[in-house]
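The next block holds one structure in the form of structure tokens; read it before the comments.
The values are calculated or read from the model by the stated rules, or taken from the named source; none is laboratory data. All values derive from a computational prediction rather than experimental measurement. Please note: Cβ atoms are built from the backbone with ideal geometry, for glycine as well, and neighbour counts cover all protein chains shown. Ligands, DNA and RNA are stripped out before the accessible areas are found, and what is left, the full protein with its side chains, is counted by its heavy atoms. Shrake-Rupley method; radii C 1.70, N 1.55, O 1.52, S 1.80 Å.
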Amino acid sequence: MSELSLRRMTLDDLADVMAIQTGAFSNPWTPDMVKKELSQDWSTVLLAERPGEGRPKVLGFVVFWLVHDEVHLLNVAVHPDARRQGIGRALMDAVVAHGRRHRCLTVTLEVRRSNAPAQALYDRFGFRRVGLRPAYYGDNREDAVIMTADLGAPGA
Ligand SMILES: CC(C)(COP(=O)(O)OP(=O)(O)OC[C@H]1O[C@@H](n2cnc3c(N)ncnc32)[C@H](O)[C@@H]1OP(=O)(O)O)[C@@H](O)C(=O)NCCC(=O)NCCS
């Protein structure tokens, strides 16, 4: 399989990112929500792509904020046809590396209680379940599990 590369998202990538969003989430972000992330200094949107016949194909993305000494992960998704190929792991590796470069101490995120694949990915990165936000998700009032990883710890 050809090599994966990561880069920052630009406005030209909006359609590709929206296609992944709508394939991945029951209540996807709107284009305006994604665009807003591109304009905020504290936000980073990274894309994972592979060379194709024409331009490289965007296969996944991650959105995270740097807030003081913490990375807050807002959104991560991989195209349904490209899952279980290590793309989620590559995106998470990049988040952790970015946090370490900026001397962050922790990465924090919220994940649906029922989202076993995402929680399995976060477990691989040493995330711990540290709390619950009851009925956090508006569409079905599902609880959010709060997960945190220490960037100083080995395996984080
Ligand atoms: C969660 C998600 C991003 C994982 O992306 P991915 O590219 O398939 O993940 P990877 O291939 O890098 O998997 C890395 C590890 O995570 C775990 N994992 C990932 N998907 C899993 C699944 N469906 N079941 C069990 N474990 C899983 C495994 O430990 C896996 O390692 P392995 O393949 O060697 O067993 C992807 O399933 C996705 O886009 N889901 C929909 C969007 C979403 O729920 N995002 C999270 C919002 S909080």
Next on the checklist: Explain nothing, just compute: Karplus ³J(HN,Hα) = 6.51 cos²θ - 1.76 cosθ + 1.60, θ = phi - 60°, for every residue of the range 66-81 in order, whole Hz, x for Gly and Pro.
Outcome noted: 9, 10, 6, 9, 10, 9, 10, 8, 9, 6, 8, 7, 10, 3, x, 7
Next on the checklist: Just to be sure I understand: with springs between alpha-carbon atoms less than 10 Å apart, which residue in Gly23, Gly99, Gly54 has the highest mean-square fluctuation in the Gaussian network model of the chain?
Outcome noted: Gly54
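Between rounded, prolate and oblate, where does the range 44-138 land on the alpha carbon gyration tensor, with a ≥ b ≥ c its root eigenvalues, rounded for a/c under 1.5, else prolate if a/b exceeds b/c?
Working: a/c = 2.03, a/b = 1.34, b/c = 1.51.
Oblate is the answer for the range 44-138, as a/c is 1.5 or above yet b/c matches or exceeds a/b.
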Next on the checklist: Just to be sure I understand: with springs between alpha-carbon atoms less than 10 Å apart, which residue in Thr44, Thr108, Thr22 has the highest mean-square fluctuation in the Gaussian network model of the chain?
Outcome noted: Thr22
Next on the checklist: Below 8 Å, C-alpha to C-alpha, sequence gap of six or more: please give me the relative contact order for the range 7-59 in percent.
Outcome noted: 37
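In square angstrom, what is the accessible area per residue of the range 1-51 with a 1.4 angstrom probe? Walk me through the numbers on the way to the answer.
Working: 2990 Å² over 51 residues.
Here the per-residue accessible area is 59 Å².
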Item to check | Accessible carbon and sulfur surface of the chain relative to its total accessible area, %, 1.4 Å | outcome: 52
Checklist entry - Taking the chain as a Gaussian network, where each spring joins two C-alpha atoms under 10 Å apart, which residue of Phe25, Phe125, Phe64 fluctuates the most? => result Phe25
Item to check | Spatial separation of Cα centroids for the range 57-73 and the range 93-156, in angstrom | outcome: 11
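Pairs of alpha-carbon atoms within less than 8 angstrom and 6+ residues apart define the contacts here; what relative contact order does the range 5-109 have, in percent? Mind dumping the intermediate values first?
Working: 166 pairs, mean separation 25.3, N = 105.
Here the relative contact order equals 24 percent.
Taking trypsin sites (Lys or Arg not before Pro) as candidate sites, keep only those in a DSSP loop with at most 14 other Cβ atoms within 10 Å, then name the longest stretch of the chain containing none of them.
Working: sites that count: Arg84, Arg103, Arg141.
In the chain, the maximal stretch lacking such sites is 1-83.
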